[in-house]
Amino acid sequence: MRIKLNWLIMIIFVVVILMVLFIYLVVNYYRIDKNMAGSKKNKMTCQELIKVVVGTSEEEAIENINENGISYRMVGRDNKLFPVTDDFQPERLNIVIEKDVVLTATCG
């Protein structure tokens, strides 16, 4: 009787583990599929985006940056440089604005 009870507990445990694994896989499949649907448009890298945003208006540049999913920070505006952290993030765009136009942009 005790052996049958142990087997039953083990079978229930395995079934529960398999159900949890199945639910995890289904949830992540839809999450991955949802993310890929939004990324079907070819997104530019930080280096490619520099060529697009330099010389454009601030509003247009930020729109392009956000469309491509790149993070950015303003490091200067109208002859004033802002204090920034010294960490290097290769997919972050640093932009300097002069008179509502992107003067320079760098990655990092």
Fill in the blank from the handout: For segment 69-108 the number of residues that are surrounded by fewer than 17 Cβ atoms within 10 Å (Cβ to Cβ), assigned to a loop (DSSP other than H, G, I, E, B) and on the phi < 0 side of the Ramachandran plot is 10
Handout entry: Top-ranked residue of segment 85-108 - restricted to ones that are modelled with pLDDT of 90 or more and of a type in the set (D, E, K, R), ranked as nearest to G69 (Cα to Cα)
Key = R92
Fill in the blank from the handout: Picked from segment 18-58 (must be over 18 Å from S71 (Cα atoms) and among the hydroxyl-bearing types (S, T, Y)), the residue modelled with the lowest pLDDT is Y30
Exercise for the section: Give me a count of the residues in segment 46-86 that are over 14 Å from T106 (Cβ atoms), basic (K, R) and in contact (Cβ under 8 Å) with a residue 12 or more places away in the chain. Expected result: 1
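The values are calculated or read from the model by the stated rules, or taken from the named source; none is laboratory data. These numbers were taken from a predicted model, which means no experiment stands behind them. All Cβ positions, even for glycine, are placed from backbone atoms using ideal geometry, and neighbour counts span all protein chains on display.
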